[in-house]
Amino acid sequence: MRISLLMALIFSCKLLVDCFAADPSLLSDLPRLKIRKGSAANVAKQLLLKRLPFSSVYYVQQMINKTEKLSAEDMLLISHAAYLTSEDYFFNIKQSHLPADRGEGIDFIMGLKLAKLKQWNQALSYFGNMLIDDRNYAEGRLYMGSIYYQQGKQVLARQQFSLCIQKAKERQTETDDRSLKHYYGHLQDSCQMDLARIAYHDQNMNAAVDAYDKINKRSYRWPDLLLEKAWATYQMEDYNRALGLLVTYKSPFLRDQIFFPEAEVLTALSYFRLCLWQDTFRVISHFYRSYAPWVLAWRGLLQSEGRGSDKYYRLVTDESLKPEVEKLHLATLINQLRTEVKFHLLLNRVEKINYEISKLARYRQNKQIKRLIGRLERLKKLKIKAVSRLVRNKMITLTKELTRFAFEMFNIKLEMISRQKNLIYRDETLVADRARGSLNFVKRKTNQYFWRFSGEFWADELGDYSFGLQSNCEIKSKKVAHTTRVREVASE
Amino acid sequence: MNRVYDFLFWATITALVIALMTPAIANGESSKGKENVVYKYKQYEFIDLSNMKVNGRLAAPGDISVKKRERRHFKRQLFNRKHFKSNMVRDIKTLR
């Protein structure tokens, strides 16, 4: 009897040792993550309650794939998970899954999905069905307005943008959350800018300038609007104001933050319209001298690092690669990317996933936890690839723009040479002996003040500059000038 | 009869000798009279074309004259921004 008891004790001890050897976490003092087994929806709910939204994504996707008709509860779960993570995780919802009466957030997800697939009319119907209390209502109106504008329905577009501004304003005042306040402010300014763009398209430049003026200087959209406003003033033939607006990009505040090749072209064009050939030449030669090395460096990087490369992500996030960033002339591009919402959101999600991984690592490790961490690592990789893609696409866009605008600059140069040649053939010259600038040529509105510029950029003055250059386009004949001088000499 | 034949024979011989001798005598005479001939051309000649009249008609109709006109100036299509559609699309793409 004793021997058999001893044998049983030895056997059970060996079994216990084997168990601990197989899973050492059983010995640790770490807390256990208690997730009861059940349906995908049930597991997703538990994970959401434990504040692990990115871990719940897989289960919500499973639920969508398995369910033929989504219930109100399921839709609420999807909406909540999308709010905490990202809408694009749930693009596997099919139209057949949805009942006629849809919950908050679902129409927005469907609208986004169809807009990305460029199925505009279907996207419009989903955005149009959004409830007025939906937290994404203003953004839905922004999408609708943009789609209508692309379809040439400007009246409808204007209505949608106005609704967007109104709703975003209401939401901004209601919420106390700082990031939400930023979000609604951004939407409001974007819709306001789109209203100005419609006025510009309708050749109503005064209305366009007024619409741009409604956007606060503190807005993230403000640096973008300077160029568009400069175009509006250029169309009104107020070239001095256009030059003044564009010179804001040269201020220390924006010089290393924003880069628009188009702004350089508009500067050259404004000088050209004022017949200031030397200034135009200066801008054109500066354009070629400054940006040719950028294009060469970017082309080299794009050829060496393909689509799937994570190098672009590392260039943006890794501080140790700063010398390489400088060498590749990427600093301004990265700074400009940081002002974009999508870039900010993607980096934010990578951070959140990292946080969730570290949170799961604090629990006692078992198969379930390891599986969750594995899935999170995959999600993180996808987001990193999305950031890399965004940086790469930005580089491609700017390279194309620089090449295109280099051609436009060349065109301006040719036109200028042609005009100078014509003057020589006609034995004429431009009136070039007048003073360079004067206050008489500054066009001012009643709400605009005058301050003399003495080489210093003041924050409150940014965006309100105007040059005082007189047009040099008056032509005088060289022959007349010569005879007049002779007469003068003769009379003396 | 024989006399006649002799006469004809001698007459023929004489005629041949004379015929052969004549160019030699002519050459001998020309070599004696060789001189340096200098041709002189007019250095300047005025031709009044205004008074010239050409009678006849044009074989091919057409105006070959060039009229005086202003130089034609070809304007280049300089860059101009007509709308901001692409900017609107860019805004949407960079939102989410």
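Could you check region A:160-181 and list, in sequence order, the residues that are part of a helix (DSSP H, G or I), without any contact (Cβ under 8 Å) to a residue 12 or more places away in the chain and open to solvent by 50 Å² or more (accessible area, probe 1.4 Å)? Show your work before the answer.
Of region A:160-181, the ones part of a helix (DSSP H, G or I) are A:160-174, A:178-181.
Filter again for without any contact (Cβ under 8 Å) to a residue 12 or more places away in the chain, leaving A:166, A:170, A:173-174, A:178-181.
Answer for region A:160-181, where residues must be part of a helix (DSSP H, G or I), without any contact (Cβ under 8 Å) to a residue 12 or more places away in the chain and open to solvent by 50 Å² or more (accessible area, probe 1.4 Å): A:GLN166, A:GLU170, A:THR173, A:GLU174, A:ARG178, A:SER179, A:LYS181.
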Query - Yes/no for A:LEU98 being modelled with pLDDT under 95 and either open to solvent by 50 Å² or more (accessible area, probe 1.4 Å) or closer than 30 Å to A:ALA199 by Cα (or both) - result: no
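Tally the residues that are of a type outside the set (D, E, K, R), under 30 Å from A:SER179 (Cβ atoms) and away from chain B (no Cβ under 12 Å), restricting the search to region A:212-240.
Start the filter on region A:212-240 by keeping residues that are of a type outside the set (D, E, K, R), which leaves A:212, A:215-216, A:219-220, A:222-223, A:225-227, A:230-236, A:239-240.
Subsequent filtering for residues that are under 30 Å from A:SER179 (Cβ atoms) retains A:212, A:215-216, A:219-220, A:222-223, A:225-227.
From what's left, away from chain B (no Cβ under 12 Å): A:215-216, A:219, A:222-223, A:226.
Looking only at that region, the number is 6.
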Query raised in the report: Does region A:81-96 include one or more residues that are more than 24 Å from A:PHE54 (Cβ to Cβ) and away from chain B (no Cβ under 14 Å)?
Result: yes
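Before we move on, is A:GLU356 open to solvent by 50 Å² or more (accessible area, probe 1.4 Å), of a type in the set (Asp, Glu) and in contact (Cβ under 8 Å) with a residue 60 or more places away in the chain?
Working: open to solvent by 50 Å² or more (accessible area, probe 1.4 Å): no; of a type in the set (Asp, Glu): yes; in contact (Cβ under 8 Å) with a residue 60 or more places away in the chain: yes.
Judged against the criteria, A:GLU356 is not a match.
Results for (1) farther than 30 Å from A:LYS413 by Cβ; (2) open to solvent by 100 Å² or more (accessible area, probe 1.4 Å); (3) within 14 Å of chain A (Cβ to nearest Cβ); (4) modelled with pLDDT of 70 or more, shown as yes or no for each residue.
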site	(1), (2), (3), (4)
B:GLY33	yes, no, no, no
B:LYS42	yes, yes, no, yes
B:SER50	yes, no, no, yes
B:LYS68	yes, yes, no, yes
B:ARG72	no, yes, yes, yes
B:PHE84	no, no, yes, yes
Requested in this report: Evaluate region A:104-117: report whether one residue or more is within 14 Å of another protein chain (Cβ to nearest Cβ) and among the charged types (D, E, K, R).
Outcome: yes
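In this structure, is A:ALA232 closer than 22 Å to A:PRO323 by Cα and not acidic (Asp, Glu)? Outline the logic, then answer.
On the way: closer than 22 Å to A:PRO323 by Cα: no; not acidic (Asp, Glu): yes.
Answer is no for this residue.
Taking region A:227-244, which residues are crowded, with 20+ Cβ neighbours inside 10 Å and within 21 Å of A:ASP202 (Cβ to Cβ)? Step through it out loud before you land on a result.
Filtering region A:227-244 for residues crowded, with 20+ Cβ neighbours inside 10 Å gives A:227-234, A:238-244.
Once the filter is applied, which keeps residues that are crowded, with 20+ Cβ neighbours inside 10 Å and within 21 Å of A:ASP202 (Cβ to Cβ), region A:227-244 yields A:LEU227, A:GLU228, A:LYS229, A:ALA230, A:TRP231, A:ALA232, A:THR233, A:TYR234, A:ASP238, A:ARG241, A:ALA242.
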Requested in this report: Out of A:GLU377, A:GLU351, report the one residue that is more than 30 Å from A:VAL265 (Cβ to Cβ), open to solvent by 70 Å² or more (accessible area, probe 1.4 Å) and in contact (Cβ under 8 Å) with a residue 12 or more places away in the chain.
Outcome: A:GLU377
Query raised in the report: Is there a residue in region A:187-198 that is part of a helix (DSSP H, G or I) and surrounded by fewer than 18 Cβ atoms within 10 Å (Cβ to Cβ)?
Result: no
Query raised in the report: For residues in region A:316-348 being among the hydroxyl-bearing types (Ser, Thr, Tyr) and not in a loop (DSSP other than H, G, I, E, B), which is most open to solvent (accessible area, probe 1.4 Å)?
Result: A:SER320
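The values are calculated or read from the model by the stated rules, or taken from the named source; none is laboratory data. Here the structure is a predicted model, which is why all the values come from computation and not from measurement. For neighbour counting, all protein chains shown are included, and Cβ atoms are generated from backbone atoms with ideal geometry for every residue, glycine included. Keep in mind that these areas ignore ligands, DNA and RNA; they rest on the heavy atoms of the full protein, side chains included. Shrake-Rupley method; radii C 1.70, N 1.55, O 1.52, S 1.80 Å.
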